[in-house]
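The values are calculated or read from the model by the stated rules, or taken from the named source; none is laboratory data. The structure presented is a predicted model; accordingly, all values stated were derived computationally and were not measured. Note that we place each Cβ from the backbone using ideal geometry, even for glycine, and neighbour counts take in every protein chain shown.
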Amino acid sequence: PPLFFYFLSGNIEWIRKAVGAFDCEKEAGKKVSYEDFDKACMRSAAGCNGVLYLPWLNGERSPFTNPTARACFIGINSDTSKADMYRAVVEGICYSYKSLVTVLNLMDDIKDGFMVVGGATKSRVFMQILSDILRVKVIAIPNSRSVGTVGAVIMAGKSLGWYSSLRPNRLFSQEHFKNTDKTTVVDDSA
């Protein structure tokens, strides 16, 4: 069965709002749509033209703890585009999850799939890059606002005999992203 992680998309929300505010056609502070965000990400090649992003807006919690760590871009130059920055945020988050999965030795646990909930599931490019970096199927649950409540109902339903398992798959719509190795450059030597 797929391992289930709650996926925080605060970095994506931040970049959509912060960089979107610099668009002349956008109102200050208005977020870029996920569709436009995905289109921009695809204009930048894997590796983001040398731009790296460390996704620690509110400190690093896992797999290493450093509450004072802060997010940053590395490798920006005069040729860096908004697309490079968008994609660097996505790749930075995905590589951070790869680090977490590796340090916690969870690769066997996610070999059948990695479930993702939350706002980031609205980005198809993000989900595909995550699948490619982790080299596993990613199962996105896009409409997951009440996932905690539904989880409690599932547990109660299992206890009452309504469900035979804790994984009734039909309660949420799902979108599957299979590893293509086409959207990223993964270096497994490290």
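Looking only at region 49-64, count every residue that is of a type outside the set (A, V, I, L, M), in contact with a strand residue (DSSP E or B) (Cβ under 8 Å, 6 or more places away or on another chain) and outside any strand (DSSP E or B) and tell me the total.
1
Please work out which one of (1) part of a loop (DSSP other than H, G, I, E, B); (2) in contact with a helix residue (DSSP H, G or I) (Cβ under 6 Å, 6 or more places away or on another chain); (3) of a type in the set (Val, Ile, Thr) is the condition residue 93 fails and give its number.
Answer for residue 93: the failing condition is (1).
Can you tell me which residues in region 15-41 are surrounded by 15 or more Cβ atoms within 10 Å (Cβ to Cβ) and modelled with pLDDT of 80 or more?
Listed by number, the residues that qualify are 15, 32, 34, 36, 37, 38, 40, 41.
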